[in-house]
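See structure below.
The values are calculated or read from the model by the stated rules, or taken from the named source; none is laboratory data. Model, not experiment: these values are computed from the prediction. In this analysis, Cβ positions are derived from the backbone assuming ideal geometry, glycine residues included, and neighbour counts consider all displayed protein chains.
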Amino acid sequence: MDRSTVVSGGGTGIGRAVAHSFVLGGDRVLIIGRRADVLSGAAADMNEESGTDLAAWMVADLTVPEQVEPIAERVGGVVDVVVNAAGGVDRAEAATLAEVRDGWLRDVASSVLTAVLLTTALEPSLRRPGGRIVTISSIAAIRGGGESYSAAKAALIGWTFQLASALGPEGVTANVVAPGFIEGTEFFGATMTDERRDRLIAETKVQRAGRPEDVAAAVGYLASPEAGFVTGHVLHVNGGAVFGR
């Protein structure tokens, strides 16, 4: 579609699948993350598969304002789509209040600040009308179970509602995709066991694990021109493990 799209966390997992889908659709895509080797490899793979040079990459720690500020200049001109897919979960054991505080701050920084700072930096460049903001939350924001991670992912929903209210009159939409159990990402790391996998699949109504491409398809719709009448929405992609409202 020849749009300009920015995807944070675009080097791996869900973010990579989202960026890949946009490249295949003809968008110019800038993927952002902290690891140059991962980003460069992902962009090269996208370009090779698509037969284009539409994927570019940029290293930035999105919790650091000084590293976020140059992104708008790097993009240059109008931005059509911003996808906030960067994030993570702090799994450090906390034995003291100070350690609890530090863990919470890490989760808020990685999930909330990354989205807020990137979106704020690019907001003046968003196409009006027609700009799209899509942020990746989690099933944990809806049903809990992740302590600071759940709280951080829930905060993204409230923030998105505010964005939708503020930017709607200018023709910019803001929505959330809340995935459930998605395989093929770095999220679970060494914590995934066969027993846990079986339990998570059993919770779904479709009796399978989700794939990054499932989330990418949902993001693609919300970022499309056809979704201009959808804003302030949380789209659940969890196989029916938790029903939407």
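Here are the numbers for the structure shown:
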| quantity | calculated |
| --- | --- |
| Hits in the stretch 29-44 - residues which are buried (at least 20 other Cβ atoms within 10 Å of the Cβ) and either over 13 Å from the mean Cα position of the chain (by Cα) or free of Cβ contacts under 8 Å to residues at least 12 places away in the same chain (or both) | Val29, Leu30, Leu39, Ala42, Ala43 |
| Residue in the stretch 187-204 that is in contact (Cβ under 8 Å) with a residue 60 or more places away in the chain and part of a loop (DSSP other than H, G, I, E, B) present | yes |
| In the stretch 123-139, the residues that are surrounded by 21 or more Cβ atoms within 10 Å (Cβ to Cβ) and of a type outside the set (S, T, N, Q) | Leu126, Gly131, Arg132, Ile133, Val134, Ile136, Ile139 |
| Subset tally (residues that are touching a helix residue (DSSP H, G or I) at 6+ places or on another chain (Cβ under 9 Å) and under 19 Å from Ala174 (Cβ atoms)) for the stretch 87-113 | 3 |
| Qualifying position, being under 19 Å from the mean Cα position of the chain (by Cα), surrounded by fewer than 24 Cβ atoms within 10 Å (Cβ to Cβ), in contact (Cβ under 8 Å) with a residue 12 or more places away in the chain and at positive phi, among Gly9, Gly13 | Gly13 |
| Helices (runs of 4 or more DSSP H) within the stretch 80-162 that include 1 or more residues at pLDDT 95 or above and within 22 Å of Glu69 (Cα to Cα) | 97-108, 114-122 |
| Of residues in the stretch 205-219 being small (Gly, Ala, Ser) and not in a helix (DSSP H, G or I), the one surrounded by the fewest Cβ atoms within 10 Å (Cβ to Cβ) | Ala209 |
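Conditions (1) among the small types (Gly, Ala, Ser); (2) modelled with pLDDT under 95, marked per residue:
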{"site": "Gly180", "(1), (2)": "yes, no"}
{"site": "Glu195", "(1), (2)": "no, yes"}
{"site": "Thr204", "(1), (2)": "no, no"}
{"site": "Ala227", "(1), (2)": "yes, no"}
